[in-house]
1. For the condition modelled with pLDDT of 95 or more and more than 23 Å from residue 52 (Cα to Cα), what is the one hit in 252, 273?
2. For the range 205-221, enumerate the residues that are of a type outside the set (D, E, K, R) and open to solvent by 10 Å² or more (accessible area, probe 1.4 Å).
3. What's the number of the condition residue 225 fails, among (1) in contact (Cβ under 8 Å) with a residue 40 or more places away in the chain; (2) surrounded by fewer than 20 Cβ atoms within 10 Å (Cβ to Cβ)?
4. Here are some residues: 232, 192, 187, 252. Which one is farther than 21 Å from residue 166 by Cβ, without any contact (Cβ under 8 Å) to a residue 40 or more places away in the chain and among the aliphatic types (A, V, I, L, M)?
5. How about the range 61-89: which of its residues are over 16 Å from the mean Cα position of the chain (by Cα) and at positive phi?
6. Filter the range 127-173 for residues that are within 27 Å of residue 327 (Cβ to Cβ) and among the aliphatic types (A, V, I, L, M); which is farthest from the chain's Cα centre (by Cα)?
7. Would you check if there is a residue in the range 212-219 being β-branched (Val, Ile, Thr) and under 22 Å from the mean Cα position of the chain (by Cα)?
8. Which one of the conditions (1) open to solvent by less than 50 Å² (accessible area, probe 1.4 Å); (2) within 22 Å of residue 94 (Cβ to Cβ); (3) small (Gly, Ala, Ser) does residue 251 fail to meet, given that it meets all the rest?
Amino acid sequence: MNTPLSPPGAVRNDGSSVQIGALVPLTRPGWVEAGRHLLAGLELAVREVNDAGGIVGRPLELVVRDTAADPQRAAAAVDELARLGVAALAGEYHSVVARAAAARADALGLPFLCSSAVLDALTEQPAEWVARLAPAQSHGWRIYADFLLGAGHRRIAVAADSSVYWASGARVLRDHLAPRGGTVIELDMRALTPAAVCDELAGNRATALLLLVGYPEPAVSIVRSVRRDKRLAEIMIGAPAGQPEFAEWAALLGGDSAAIPFLRYLPERLSPLGARVETALRERLAEAPSFVAFEGYDTVAVLTDVLRSHGADRARTAGSWARVAVEGTRGQIRFSRAPGISVWQWAWPPVQVVDRDPAEPDRFRILHAG
């Protein structure tokens with residue numbers, strides 16, 4: 001008796017899956033909502049790949065590890081996933097965590113496509129094994145600084161936590177604003193309470209306060225304190241790192257969540273592919289998808305293209321970054337060596353400055369694009 005042929009696009013179920021390791025913050029102190037959106041995008045894309053025949057007939061499988069915003073935990077997960085034989089790594093949202101993962105992946109010779117982290121120096125030395133979809137911090141935050149200048153802000157206070165990521169962001173802002181007549185006043189959140197921040201703002205004549213701090217705290221408490229201080233009625237609060245992107249922000253702050261400009265990485269109008277994916281992500285998440293969910297989807301789209309073209313060989317995957325040309329949800333994805341960036345970089349995804357509309361906090365207003 002002849003065995004019937006598999007239909008076109010069928011995936012073999014003989015256990016020979018092609019595995020991708022996924023690094024995602026799913027527990028505190030990680031930004032759990034960002035992790036949930038990132039994972040939703042990754043999982044949706046994997047499902048669609050398998051519905052379309054997998055990787056040359058082999059199913060694509062995600063092997064997910066929770067980083068919990070812990071660099072050491074992420075590095076250990078990279079070691080484990082390398083031993084398990086994954087073809088590549090994907091994901092991660094937190095920059096300091098992605099930096100630890102990227103260094104370890106590059107040392108082990110394991111391809112890593114970073115979805116969301118933006119820190120310019122993702123690796124200390126130029127890395128052949130690492131590529132990134134998110135724009136570098138220096139690119140996006142300069143666009144944010146241009147928005148501030150265009151809105152008339154020249155004296156800008158930053159409430160800053162202590163970390164490589166926040167220090168890098170403050171430096172980008174200062175370097176871009178100073179030659180254009182702007183001043184950055186740094187408020188050290190290791191020493192100040194939210195009430196003390198209000199006192200500092202009242203005394204230094206800043207017209208804008210940027211939240212370079214953790215989420216939900218102390219960001220939420222700072223917003224509440226500033227909004228309730230009558231001395232600060234005219235001050236603009238901004239959050240370039242994107243804290244207001246997620247529904248939890250609006251749930252925690254209510255009306256105070258609006259009119260706080262932040263960066264997101266979406267085009268003004270989605271392509272037909274982007275619109276289809278948005279609908280599927282909305283159904284999966286039971287809420288509007290953030291740009292982070294699109295980053296997750298695009299990550300798998302790129303890795304699928306590479307794996308279908310070159311197989312699951314790690315060296316061939318890493319050697320193909322320069323030849324990638326994939327239609328993603330937010331535009332054509334290609335990687336290059338951008339000046340000052342140590343990894344293969346999509347230069348650049350679309351960048352917007354948006355806020356929540358005070359009249360309708362669930363609706364976003366595009367204020368500036370770069």
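The values are calculated or read from the model by the stated rules, or taken from the named source; none is laboratory data. Remember, it's a predicted structure, so these values are computed and weren't measured experimentally. Methodologically, a virtual Cβ is constructed for each residue, glycine included, from the backbone with ideal geometry; neighbour enumeration extends over all protein chains shown. SASA here: full protein model, heavy atoms, side chains in, ligands and nucleic acids out. Shrake-Rupley method; radii C 1.70, N 1.55, O 1.52, S 1.80 Å.
1. Working: 273 fails: more than 23 Å from residue 52 (Cα to Cα).
Of the residues listed, the single one that is modelled with pLDDT of 95 or more and more than 23 Å from residue 52 (Cα to Cα) is 252.
2. Here is the first cut: in the range 205-221, the residues of a type outside the set (D, E, K, R) are 206-216, 218-221.
Once the filter is applied, which keeps residues that are of a type outside the set (D, E, K, R) and open to solvent by 10 Å² or more (accessible area, probe 1.4 Å), the range 205-221 yields 206, 207, 214, 215, 216, 218, 221.
3. Just one mismatch for residue 225, condition (1).
4. 232
5. Once the filter is applied, which keeps residues that are over 16 Å from the mean Cα position of the chain (by Cα) and at positive phi, the range 61-89 yields only 85.
6. 127
7. yes
8. Residue 251 satisfies every listed condition except (1).
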